[in-house]
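Worksheet: one structure, shown below.
The values are calculated or read from the model by the stated rules, or taken from the named source; none is laboratory data. As the structure is a prediction and not an experimental result, all values here were calculated from the model. Quick reminder, even Gly has a Cβ in these numbers, built from the backbone with ideal geometry, and neighbours come from all protein chains shown. All accessible areas refer to the heavy atoms of the entire protein, side chains included, with ligands and DNA or RNA removed. Shrake-Rupley method; radii C 1.70, N 1.55, O 1.52, S 1.80 Å.
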Amino acid sequence: REKMWGILRQRGIDGGGLSLRRTRSASVSARSYAAGSKEMTVRDALNSAIDEEMSADPKVFVMGEEVGQYQGAYKITKGLLEKYGPERVYDTPITEAGFTGIGVGAAYAGLKPVVEFMTFNFSMQAIDHIINSAAKSNYMSAGQINVPIVFRGPNGAAAGVGAQHSQCYAAWYASVPGLKVLAPYSAEDARGLLKAAIRDPDPVVFLENELLYGESFPISEEALDSSFCLPIGKAKIERQGKDVTIVTFSKMVGFALKAAEKLAEEGISAEVINLRSIRPLDRATINASVRKTSRLVTVEEGFPQHGVCAEICASVVEESFSYLDAPVERIAGADVPMPYAANLERLALPQVEDIVRAAKRACYRSK
Amino acid sequence: MATSFSATLPLHGSQENRLLLPPIRLAPPPSSFLGFTRSLTIPSSRRLYHAHAARRSPVVGVQEVVKEKKVTNSLLITKEEGLVLYEDMILGRSFEDMCAQMYYRGKMFGFVHLYNGQEAVSTGFIKLLTQSDSVVSTYRDHVHALSKGVSARAVMSELFGKVTGCCRGQGGSMHMFSKEHNMLGGFAFIGEGIPVATGAAFTSKYKREVLKQDCEDVTVAFFGDGTCNNGQFYECLNMAALYKLPIIFVVENNLWAIGMSHLRSTSDPEIWKKGPAFGMPGVHVDGMDVLKVREVAKEAVTRARRGEGPTLVECETYRFRGHSLADPDELRDAAEKAKYAARDPITALKKYLVENKLASEGELKTIEKKIDELVEEAVEFADASPQPGRSQLLENVFADPKGFGIGPDGRYRCEDPKFTQGTAQV
């Protein structure tokens, strides 16, 4: 009998814990999930997300250059052609305008395309379709025709790829009403946001980052579940702090976290917010954080004028002006097309030192 | 094959009742493209050039379909079909004339592009389609919407910017959408509708092959001669032929892109020739004759429904008015306008119906009167309708109400376990 009680007690603990975890994954929470013992690269996270969504819904298909036989230009769609066949994984000719338009037309007619751009720089050849036929259609047709399409691909600077391959398009796409723009950082972000994007009934621009593809992140059990997804429009507080708020997205989140550690050594406690969603922008979380810390530093990789940071700064100044103790700080890429030389490229992008310096300036601790 | 025809045709002059050849057999072609030429071609010096050029390729361009006058009693249409065609064309013409009047009275605003003169193309193609077939058009889309079944009231209200319009006043003249009638727009950018139409055709094929549904829907894309110099057009010709999509590319070649003549802007003005370059049949047809257009359309639609792939149809037509109501139309020659005005498609059909005793003048007059009343009633309806409410400004930006992925039950859509059709297997 004691053995039985022992077993029951065990089961009770496990059963309770399991149900707790299940409800946690179903709730909308911006808290960090429990760090699991597993690690996953962003590449694998994206691949598994597309795989699961394709197997769950036969209307989902993938279209893009080199997504099939080449296994994906960056190997994100590896194995999908073998698993789902050429009727669901399309290797297109080099016709961005054409195949993006075909994706939009297929979405009009009820399918759920996932259109890959080899980099978002090439999306400029198709931007008419992303904006005029996808983003604006639900409005122009007064709700009759919605466009459940996902445009995904690497965005922003890579390593030494030159000016025409390094632009960040977050600001351009995020200024268009009718689009949702997401920018994941970690593997969990990548999985959850991509799954949410594919299930979403509206056009989503999914901005990945080539340099993050190979990075490994710890991933929790909940995130590995096939129905896991993250809510669109909610930012995540990666690190709690009380002295200064650092708001950023994509690769810069990693830099901001490193900067926060350096600042902690000097006694400044920085709160790092990972936007995850550029449109809709989570103004509530940003403003709540600024009202707590009274100082704001925003970081992005793209061009400074009319950038994402400009919008965040304007939003904070409009809504939380009386809470601010220092001018808002904005760090962006240099106002030049991306140079090729490695040292110049380094100068053209924000680095950890730049974030540290700006945070110190905001805290009146700069030299 | 007939060889009696040897004179070279002038580029844009085709007389109507040219009795030329042995009867054209519109028999279904065998599975390879070669059969297509057997049914519809007329040899000419130009076609011979083409046959040589296309010797290796299985597709040969078709040049002209001539409406034949058989001695026997089988005409191209029955009385009912004739009356349907006539009514549709009269509706298109009256509606567009009324639009012009309303514009000059200030009830319509912005850009309005009228379709007068081109009715044969819209009627000829769209009256062969079912409700589930899709039509994609350009900014000159009022008559395409009407032919497809959108009510005159809804289109007129949309033009007036009223809430009872087909898009609740949010689209306007250039953006006619109707999910019910599968009118997928109405696009302002030249060439924008072509990839969207190709995507709708792609969905047809996907539904058949992947989702295993019975789907015979075809898509018809209408666009102009100016669009045929745009990159997207060629990209889509390539992919439609590559994937064998059930789509018909209809070029409404009215010779003018605002003030730019087609001959001034195109290296090879014969657009039908561009089809075979991509592996699909290219047909040139007299777009001022609804019966000829209808015969070509029948063949193209049947091909598409059978899964044989796309067709490029160039309809030689003309717009009687300017590019838009704001266009002073100074560059077009009066003689050219007069020449095409003499080939008015409505007059031609009327003549055909009366001469072949398919309908009496009285019956046709009744139809005209009925349409006049319909259009006037549409104007009254639109006038009386209210403008959209202020809250409508922010509606419909996203399909989901708040844009956060929240469904109507207040929960996140992505967390609904029933959102997918199957279970995810990893």
> Could you list, in sequence order, the residues of the stretch B:168-183 that are facing chain A (nearest Cβ under 8 Å), open to solvent by 10 Å² or more (accessible area, probe 1.4 Å) and within 18 Å of residue B:223 (Cβ to Cβ)?
Replying inline: B:175
> Among the residues of the stretch A:135-147, is any over 28 Å from residue B:157 (Cα atoms) and of a type outside the set (Ser, Thr, Tyr)?
Replying inline: no
> Among the helices (runs of 4 or more DSSP H) contained in the stretch B:327-405, which hold 3 or more residues that are farther than 30 Å from residue A:201 by Cβ and either hydroxyl-bearing (Ser, Thr, Tyr) or in contact with a helix residue (DSSP H, G or I) (Cβ under 6 Å, 6 or more places away or on another chain) (or both)?
Replying inline: B:345-355, B:361-384
>> Could you go through the stretch A:108-122 and let me know if any residue there is open to solvent by 20 Å² or more (accessible area, probe 1.4 Å) and more than 21 Å from residue B:209 (Cα to Cα).
In response: yes
> How many residues are of a type in the set (Val, Ile, Thr), open to solvent by less than 10 Å² (accessible area, probe 1.4 Å) and within 29 Å of residue B:304 (Cβ to Cβ) when one looks only at the stretch B:85-137?
Replying inline: 5
> Taking the stretch B:125-146, which residues are more than 14 Å from chain A (Cβ to nearest Cβ), part of a helix (DSSP H, G or I) and touching a strand residue (DSSP E or B) at 6+ places or on another chain (Cβ under 8 Å)?
Replying inline: B:125, B:126, B:144
> Can residue B:399 be described as over 27 Å from the mean Cα position of the chain (by Cα), at pLDDT 95 or above and not hydroxyl-bearing (Ser, Thr, Tyr)?
Replying inline: no
>> If the requirement is being more than 14 Å from chain B (Cβ to nearest Cβ), at pLDDT 95 or above, over 13 Å from the mean Cα position of the chain (by Cα) and under 20 Å from residue A:349 (Cβ atoms), which of these qualifies: A:237, A:246?
In response: A:246
>> As an exercise: evaluate residue B:213 against (1) outside any loop (DSSP other than H, G, I, E, B); (2) in contact with a Lys or Arg (Cβ under 9 Å, 6 or more places away or on another chain); (3) open to solvent by 10 Å² or more (accessible area, probe 1.4 Å) and give the number of the one condition it does not meet.
In response: (1)
>> What's the number of the only condition in (1) open to solvent by less than 10 Å² (accessible area, probe 1.4 Å); (2) more than 20 Å from residue B:196 (Cβ to Cβ); (3) touching a residue at least 40 places away in the same chain (Cβ under 8 Å) that residue B:300 fails to meet?
In response: (2)
> Tell me, which residue of the stretch B:186-210 that is out of contact with any His (no Cβ under 6 Å at 6 or more places or on another chain), touching a residue at least 12 places away in the same chain (Cβ under 8 Å) and not in a helix (DSSP H, G or I) is most open to solvent (accessible area, probe 1.4 Å)?
Replying inline: B:190
> Considering A:173, A:185, which residue is modelled with pLDDT of 95 or more, of a type outside the set (Gly, Ala, Ser) and not in a helix (DSSP H, G or I)?
Replying inline: A:185
> Inside the stretch A:202-221, can you point out the residues that are within 14 Å of chain B (Cβ to nearest Cβ) and open to solvent by 20 Å² or more (accessible area, probe 1.4 Å)?
Replying inline: A:221
